[in-house]
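The values are calculated or read from the model by the stated rules, or taken from the named source; none is laboratory data. Remember, it's a predicted structure, so these values are computed and weren't measured experimentally. Here the Cβ is made from the backbone with ideal geometry for all residues, glycine too, and neighbour counts use every protein chain on show. Side chains included, ligands, DNA and RNA excluded: accessible areas come from the protein's heavy atoms. Shrake-Rupley method; radii C 1.70, N 1.55, O 1.52, S 1.80 Å.
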Amino acid sequence: MQSAYADTLTTTIEKDKMLSVLEVIQNGIVKENDETKLNVDYAKEYGVSNTEINNLQ
């Protein structure tokens, strides 16, 4: 049986991850030579995984 603390911790981690991905979507997508690209270094700074980076690209 999970404790309420474990549920809260998981929810907090999930929210933090979602906020990181949203931050990267909002500020890590750049226009370069008329192409829209993801700034991969920026995404990695926010802890976005390689799988999530590939999905965003």
Exercise. Of all residues in segment 29-57 being of a type in the set (G, A, S) and either surrounded by fewer than 15 Cβ atoms within 10 Å (Cβ to Cβ) or over 10 Å from the mean Cα position of the chain (by Cα) (or both), which is nearest to K15 (Cα to Cα)?
Worked result: G47
For this session: Return yes or no: is K15 open to solvent by 60 Å² or more (accessible area, probe 1.4 Å), at pLDDT 90 or above, out of contact with any His (no Cβ under 8 Å at 6 or more places or on another chain) and basic (K, R)?
Result: no
